[in-house]
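Accompanying notes for the structure given below.
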Amino acid sequence: MQLQADFGEYLQHARVQQRLSPRTLSLYADGLQRLQAMLAEASVDVRALSITQARRFAALLHREGLGPKSIALLLSVWRSAYRWLGLQGRVALNPFDGLRAPKAPKPLPKALGVDDAVQLASHVPDEIADSRLEARDGAIVELLYGAGLRAAELIGLDVRASGAAEGWVDLESAEVHVTGKGDKRRSTPLGKAAAEALRAWLAVRGQVAAAGEVALFVGARGHRLSGSTLRKMLSARAVGAGMPAHVHPHMLRHSFASHLLQSSGDLRAVQELLGHAHITTTQVYTQLDHQHLARIYDAAHPRAKK
């Protein structure tokens, strides 16, 4: 479809002045062609589009089944085009000003199933290049899943408590002390499996850590573990364990919360263990729990079976 003159001139302006990439320029052209078709269908001139008609066009996009992001992109293109037309004195107002797409639903956090999480925590690679680092990795997975730590909280752990320590593990009392978001301190119970894995790592940590290094978890060069190393290790370990999806550190925190809620139903306790300032942040896990219950219902109830 050949673009109407006003839209064609705007697209040329966008190409030259805004230096849009070819892909973005193609998206702009597609968006303007769509608007041009809607204007023709409604028998409305480009320069005579009213605010009411613009709202109808946005509603039509929604009825056609477009998602919030797609609608937002089209409205942004149309808004920019009419802003330029206004600067050129061709329209008196921008009918798309203040018009926003519906909000996209917030995606649920991804969590592993209980069996997958346990499988990952107990996984031992077929080939172990360095048994000391394998002990470290096993302890890391147990802490992420067993204590629901954030990646930064785990990386910030020191071997012992001190005035400067952001976090540490107290094996005697079976607790992990961390500094979370907003410098908020919290203590989380340390499970038996995590405690055993930590003892195994601490037994060999001195052979890996550089002199004077206080970090509990260190990299191959002996200094505090980095976030990128943590993510790469966990991703590779998950692949080796046959996980069905890409696994990242925060997914184990989500799994920790979801599985606790499935077993206990105690939302307040999960909130405290996660260190959430507001209960509404924790409530997202109730949706995961409902999904779990729905799967059980679909599989077990006689009237749910196909």
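The values are calculated or read from the model by the stated rules, or taken from the named source; none is laboratory data. This one's a predicted model, so the numbers in the text were calculated from it and none came from an experiment. Don't worry about glycine lacking a Cβ; one is built from the backbone with ideal geometry, like all the others, and counts go over all protein chains shown. Ligands, DNA and RNA are stripped out before the accessible areas are found, and what is left, the full protein with its side chains, is counted by its heavy atoms. Shrake-Rupley method; radii C 1.70, N 1.55, O 1.52, S 1.80 Å.
Scan region 161-180 for residues that are in contact (Cβ under 8 Å) with a residue 40 or more places away in the chain and closer than 20 Å to Leu273 by Cβ and jot them down.
The answer is Trp168, Val169, Val178, Gly180.
Given the options Glu166, Glu213, name the one that is over 25 Å from Val118 (Cβ atoms), more than 26 Å from the chain's Cα centre (by Cα) and among the charged types (D, E, K, R).
Glu213
Filter region 154-176 for residues that are under 17 Å from Gly206 (Cα atoms), modelled with pLDDT of 90 or more and not β-branched (Val, Ile, Thr) and give the result.
Those that are under 17 Å from Gly206 (Cα atoms), modelled with pLDDT of 90 or more and not β-branched (Val, Ile, Thr): Leu157, Asp158, Trp168.
Quick check on this structure: which one of Ala117, Ala72, Ala129, Ala101 is part of a loop (DSSP other than H, G, I, E, B) and touching a residue at least 24 places away in the same chain (Cβ under 8 Å)?
Ala101
Of the residues in region 34-46, how many are assigned to a helix (DSSP H, G or I) and touching a helix residue (DSSP H, G or I) at 6+ places or on another chain (Cβ under 7 Å)?
Adding up the residues that qualify gives 6.
Report, ordered by the first and then the second residue, all pairs with beta carbons closer than 6 Å, sequence separation of six or more or different chains, a first member in region 235-252 that is under 14 Å from Glu142 (Cα atoms), and a second member that is among the hydroxyl-bearing types (Ser, Thr, Tyr).
As it stands, the answer is Leu252/Tyr145, since those pairs meet every condition given.
If I filter region 237-259 down to residues being more than 21 Å from Leu157 (Cβ to Cβ) and over 19 Å from the mean Cα position of the chain (by Cα), which single residue comes out as surrounded by the most Cβ atoms within 10 Å (Cβ to Cβ)?
Only one residue fits best here, namely Ala241.
Which members of region 217-257 meet the condition of being part of a loop (DSSP other than H, G, I, E, B) and closer than 26 Å to Gly113 by Cβ?
Ala241, Gly242, Met243, Pro244, Ala245, His246, Val247, His248
Got a sec? Which of Ala48, Ala58 is surrounded by 14 or more Cβ atoms within 10 Å (Cβ to Cβ) and either more than 19 Å from His13 (Cα to Cα) or at pLDDT 95 or above (or both)?
On inspection, the qualifying residue turns out to be Ala58.
Out of all the residues in region 145-164, which are small (Gly, Ala, Ser), crowded, with 18+ Cβ neighbours inside 10 Å and touching a strand residue (DSSP E or B) at 6+ places or on another chain (Cβ under 8 Å)?
Ala147, Gly148, Gly156
Restricting to region 178-194, give me the number of residues that are of a type outside the set (Val, Ile, Thr) and either crowded, with 19+ Cβ neighbours inside 10 Å or part of a loop (DSSP other than H, G, I, E, B) (or both).
The total comes to 5.
Filter region 1-43 down to the residues that are among the hydrophobic types (A, V, I, L, M, F, W, C), within 37 Å of the chain's Cα centre (by Cα), open to solvent by 50 Å² or more (accessible area, probe 1.4 Å) and under 22 Å from Leu61 (Cα atoms) and list them by number.
Leu27
Scan region 12-33 and report the pairs whose first residue is more than 14 Å from Trp84 (Cα to Cα) and whose second residue is part of a loop (DSSP other than H, G, I, E, B), with Cβ atoms within less than 6 Å and a gap of 6+ or a chain change.
That search, which allows pairs on different chains as well, returns Gln33/Met1.
Output yes when any residue across region 63-71 is surrounded by 13 or more Cβ atoms within 10 Å (Cβ to Cβ) and under 24 Å from Ala5 (Cβ atoms), and no when none is.
The answer is no, given that none of the residues of region 63-71 is surrounded by 13 or more Cβ atoms within 10 Å (Cβ to Cβ) and under 24 Å from Ala5 (Cβ atoms).
Out of everything in region 110-143 that is at pLDDT 90 or above and touching a His at 6+ places or on another chain (Cβ under 9 Å), what residue ends up being surrounded by the most Cβ atoms within 10 Å (Cβ to Cβ)?
Across region 110-143, the extreme among qualifying residues is Val141.
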